[in-house]
Amino acid sequence: MAPTHVLRCCQRGLAWIPVIFIALVVCWSYYAYVVELCIFTIPSIGEQIVYLIFFHLFFIMFVWSYWKTIFSQPANPSKEFCLPKAEKERYEKEERPESQQEILWRAATSLPLYTRTGAGAIRYCDRCQVIKPDRCHHCSACDMCVLKMDHHCPWVNNCVGFSNYKFFILFLAYSLVYCLFIAATVLQYFIKFWTLCRRKSAENCPKNELPDTHAKFHVLFLFFVAAMFCISILSLFSYHLWLVGKNRSTIEAFRAPVFRTGSDKNGFSLGFRKNIAQVFGDQKKYWLLPIFTSQGDGLTFPTRLVNADVEQATVTLQPEPNNRAAELPVSPVTPLSESQNRLLSNDQHANNIGDHQADSTLKSADRETITVSMESES
């Protein structure tokens, strides 16, 4: 027990190395920009004031969003997704997967679950001993099930999911703006210092050139670091913007979620505007602030409504009599209107909607027949 405990402590300590590295780079960039560039290098007071105001604005938003991403506790499944004590004991005693699935199917009938495993079974985490809600996955690094898990990021030493995905997007956005601002404002002084370094003696420099001081090393290195981070962050930020527009997580982008009717990579997509609102909320005034405004509770999510063909057998949520729960019948589906943005809560509801559509079609046909007959009589 002792060696294992020590090993876990060492792993947790080593996991903070990337965060400490980023913190040190940010602290150095603050010193290099404020002290070495603005105070010791820029001769114009007006230019110093303007640069310092915008720099501190971007710096505060960057540090704020980074802090929220690191220290936001990942959201976990609620107690209702845990098996009752008696069912849990039966599940652990059962050795046959079919019998275990029967127990899970009975427990899942009262839960809002619409996604399945690739084989059509109930998604259950043996490690956390909970039935996984939709879009929930187990993080091996955090050793817990995380709601709407996107990925585990070593640069924040935290799992990015439902509780901090907005903060992570803002962290990427403000870090990109921070690096772009530094690179853009340092560029002219970088060129001057670079030119100065290539001259043999400072006496031959024109009067408009900067003096040869130790500040040039900070300015030169600051531009290289800002440009390097800017290029690397840009690609990651663009990719996550694409994911937000599609309402997908990184895991779902590589492996499409499986619904009762089969896998569907766009199963949670509600349209571009609604997809953005899922992460940033309805009130646009809070979008740029690292304040939690994401919609929902992380346990259930709106999705494109799909309905079985009226003339075909509906998809059942109950296991087959022969205990082959993994083999579920799949029927043809047709997408309905986007305003109906949730999956059917149960099969009875699916039948009711199908019957209602059939009745509406028959009534529409009857009205057209009556209209035609009246026109012919007139």
| note | Exactly one of VAL6, VAL19 is in contact with a helix residue (DSSP H, G or I) (Cβ under 9 Å, 6 or more places away or on another chain), of a type in the set (A, V, I, L, M, F, W, C) and open to solvent by less than 90 Å² (accessible area, probe 1.4 Å), and that one is VAL19
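Among the residues of segment 117-128, are any open to solvent by 40 Å² or more (accessible area, probe 1.4 Å), in a loop (DSSP other than H, G, I, E, B), free of Cβ contacts under 8 Å to residues at least 24 places away in the same chain and not acidic (Asp, Glu)?
If we filter segment 117-128 for residues that are open to solvent by 40 Å² or more (accessible area, probe 1.4 Å), which is where we start, we get 117-119, 126-128.
If we keep only those that are in a loop (DSSP other than H, G, I, E, B) as well, we get 117-119, 126-128.
From the residues that got through so far, the ones that are free of Cβ contacts under 8 Å to residues at least 24 places away in the same chain too are 126-127.
Checking which are not acidic (Asp, Glu) leaves us with 127.
Yes, segment 117-128 contains a residue that is open to solvent by 40 Å² or more (accessible area, probe 1.4 Å), in a loop (DSSP other than H, G, I, E, B), free of Cβ contacts under 8 Å to residues at least 24 places away in the same chain and not acidic (Asp, Glu).
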| Just for segment 162-195: of the residues that are under 21 Å from PHE59 (Cβ atoms) and among the polar types (S, T, N, Q), which one is most open to solvent (accessible area, probe 1.4 Å)? | GLN188
| request: Kindly indicate which of VAL34, VAL50, VAL26 is closer than 30 Å to CYS142 by Cα and either of a type outside the set (D, E, K, R) or within 33 Å of the chain's Cα centre (by Cα) (or both). | output: VAL26
| task | Can you tell me which residue among PRO112, PRO74 is out of contact with any His (no Cβ under 6 Å at 6 or more places or on another chain) and open to solvent by less than 20 Å² (accessible area, probe 1.4 Å)? | result | PRO74
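So is THR250 at pLDDT below 95 and either among the polar types (S, T, N, Q) or surrounded by 14 or more Cβ atoms within 10 Å (Cβ to Cβ) (or both) or not? Step through it out loud before you land on a result.
Working: at pLDDT below 95: no; either among the polar types (S, T, N, Q) or surrounded by 14 or more Cβ atoms within 10 Å (Cβ to Cβ) (or both): yes.
For THR250, the condition - at pLDDT below 95 and either among the polar types (S, T, N, Q) or surrounded by 14 or more Cβ atoms within 10 Å (Cβ to Cβ) (or both) - is not met.
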| said: Testing GLU80 on (1) of a type outside the set (A, V, I, L, M); (2) in contact with a Leu (Cβ under 9 Å, 6 or more places away or on another chain); (3) within 20 Å of VAL258 (Cβ to Cβ); (4) surrounded by fewer than 17 Cβ atoms within 10 Å (Cβ to Cβ), one condition comes back false. Which one is that? | reply: (3)
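Being in a helix (DSSP H, G or I) and open to solvent by less than 50 Å² (accessible area, probe 1.4 Å) is the filter here, so list the residues in segment 36-51 that pass it.
As a first pass, look at segment 36-51 and keep what is in a helix (DSSP H, G or I): 36-39, 45-51.
The answer is GLU36, LEU37, CYS38, GLY46, GLU47, GLN48, TYR51.
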| task | Just one of (1) at pLDDT 95 or above; (2) assigned to a helix (DSSP H, G or I); (3) open to solvent by less than 20 Å² (accessible area, probe 1.4 Å) trips up CYS159, so point out which. | result | (2)
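The values are calculated or read from the model by the stated rules, or taken from the named source; none is laboratory data. This structure is a prediction, so every number in the text was calculated from the model and none was measured. Glycine gets a Cβ as well: all are built from the backbone with ideal geometry, and neighbour counts include every protein chain shown. Quick note on the areas: whole protein, heavy atoms, side chains included, nothing else; ligands and nucleic acids left out. Shrake-Rupley method; radii C 1.70, N 1.55, O 1.52, S 1.80 Å.
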